[in-house]
Amino acid sequence: MNITPSNNGNGRGVLAKLGTLSILYVSVFLTRIGFGTMLILFPIYLVKPDGVTPVGPAVTGLVLSLYPALEGISALPVGTWVDRQGRRRAFVTGMSSITILTLAISLTRTNIPFVGGAHALMGLSAAMVTVSSLTMITDLTGVRNRGTGMGAFDMANLVGYGLGIILGTIMERTFNSSLQTAFQVVAAIFGIAAVFVFFSLREPAHSSREQRSLSATFTTVSGDVAAILPVWFSLTVIVGFYFLLPSIVRQLQPQTTLERSAGLILIGLAVLGGGALLFGRLSDKIGRTKTMTIGVIGELGFLLLFPGLLTTLIAIPLDESFLSALFLAGPLGVLAGAFFFLGSALVPSILAYIGDNATHDVRGSAMGLYSLMLSAGIAIGNVVAGITFEAGGVEAVFFTGAAILGGMSLASGFLLRRQNHVMTSVGDISRTQSKPL
């Protein structure tokens, strides 16, 4: 991967930039293993004061919602802090606080306010890690290789989550009588990543910025970045749909377990991770918007085909092997998988596009806006998916997702076209004024 020179006089060597990027990817990978593990463990962790009876779904849902809520609320302030105080400080602070908070959660299963508060603060820590890491990747790459950099970030995310889900499933069985120990193991994973980052990560060269209010920061976001937000927001809403998918599957087929679905989940994450890296690189070659168009077509195709595929998979007898189930999915499974692969083009191309068009001194704020949209979209997606499933079943959920993505993609296309027209007009006026009389 080609690395662009730094803006400072001394410059940074190619190997130094590759080293910093590698440190970021390894740190993100380890962190996502921990988060993936917690996805499995947290819903069964909380119990009533008797230490045995699980709390109700409402309490569990409330505690779980605090994390993305605070992550979304804090995203823009964290982005501003990253621009003012530096990327490394935010990244190290986030990693360290995640470790401490996970260890704190392991101290009790019955003190719900304490666990809920710690889990909420983890959302703030996650915002620090996500915003600062994306900003550093933007600093260390250029237009010719930023898509590859963002694709590698997305792949580290997805592979880490996949391994975390496997690890969480193993821990659920191994530490069934002592889930607090499992959280201590997760804290150790976070701690290893934090120590690794503290001693190895260096602050990348970047533009500094002056003191500025949040509202002023928001107004500095370019029209190009603002134009892409509708399609990004619609994608995050659909991610919220996918988060509710395990609950939908359990209602359609109560006998389905995570072990039965693990193979399909891992294949899906592998396809997304490999596709993110491939299409990120492709966006460096053919452009961000063309790659986004490929992603939109792929995601739309998958959303339209998935209800039929899910019905087919659920109808397969439980005693069938995983490979037999894949064979029985037939051509529909192959076609849906192909569209799913194409859909992986969206995330790296959008991230690279935001990085390309964000002003140098507000890159952290731009990535904070990205993180805010992610949290809000997932939350809204959970709600919309639940309502549409009760109203019309799984078809209603994913056809609604297709309608949202299609409409928002058209909106982004219109805004981008208008923005390009404005920039062309400004260029024509400038050339006219520069001509001698």
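Side notes on the structure shown:
- Selection of first residues in region 391-404 that are on the phi > 0 side of the Ramachandran plot and of second residues that are outside any helix (DSSP H, G or I), restricted to Cβ pairs under 8 Å at least 6 apart or on distinct chains, gives an empty result.
- VAL63 part of a helix (DSSP H, G or I), out of contact with any Pro (no Cβ under 9 Å at 6 or more places or on another chain) and in the same structural domain as MET155 (by TED's automatic domain parsing): yes
- Cross-chain or 6+ apart pairs with Cβ under 6 Å, region 262-287 first and closer than 19 Å to ALA156 by Cα, then among the acidic types (Asp, Glu): ALA276/ASP154
- When every residue of region 258-279 is checked against the conditions, none turns out to be in a loop (DSSP other than H, G, I, E, B), out of contact with any Phe, Trp or Tyr (no Cβ under 6 Å at 6 or more places or on another chain), outside the structural domain of VAL82 (by TED's automatic domain parsing) and modelled with pLDDT under 80.
- No other residue among ALA352, ALA329 is assigned to a helix (DSSP H, G or I) and either modelled with pLDDT under 90 or in contact with a strand residue (DSSP E or B) (Cβ under 8 Å, 6 or more places away or on another chain) (or both) apart from ALA329.
- Residue that is nearest to PRO77 (Cα to Cα), among those in region 163-178 that are modelled with pLDDT of 85 or more and surrounded by 19 or more Cβ atoms within 10 Å (Cβ to Cβ): GLY164
- Yes/no for LEU39 being in a helix (DSSP H, G or I), without any contact (Cβ under 8 Å) to a residue 60 or more places away in the chain and closer than 29 Å to MET373 by Cβ: no
- Residue match in region 400-423 (condition: more than 20 Å from THR289 (Cα to Cα), modelled with pLDDT of 85 or more and surrounded by 19 or more Cβ atoms within 10 Å (Cβ to Cβ)): yes
- Number of the exception - VAL197 against (1) surrounded by fewer than 17 Cβ atoms within 10 Å (Cβ to Cβ); (2) modelled with pLDDT of 85 or more: (1)
- Output for region 93-107, where each listed residue is surrounded by fewer than 24 Cβ atoms within 10 Å (Cβ to Cβ) and farther than 18 Å from SER371 by Cα: SER96, SER97, THR99, ILE100, LEU101, LEU103, ALA104, SER106, LEU107
- MET1 being modelled with pLDDT under 85 and either over 25 Å from PRO246 (Cβ atoms) or in a helix (DSSP H, G or I) (or both): yes
- Residues considered: GLY381, GLY377, GLY337. Of these, the only one that is modelled with pLDDT of 80 or more, over 15 Å from the mean Cα position of the chain (by Cα), small (Gly, Ala, Ser) and assigned to a helix (DSSP H, G or I) is GLY337.
Residues are listed down the side, and each one gets a yes or a no for (1) aliphatic (A, V, I, L, M); (2) under 21 Å from the mean Cα position of the chain (by Cα):
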| position | (1), (2) |
| --- | --- |
| ALA104 | yes, no |
| THR110 | no, no |
| SER133 | no, yes |
| GLY151 | no, yes |
| ILE165 | yes, yes |
| ALA182 | yes, no |
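The values are calculated or read from the model by the stated rules, or taken from the named source; none is laboratory data. In this text, all values refer to a predicted model and were calculated from it rather than measured experimentally. Here Cβ is always computed from backbone atoms with ideal geometry, including for glycine, and neighbour counts include all displayed protein chains.
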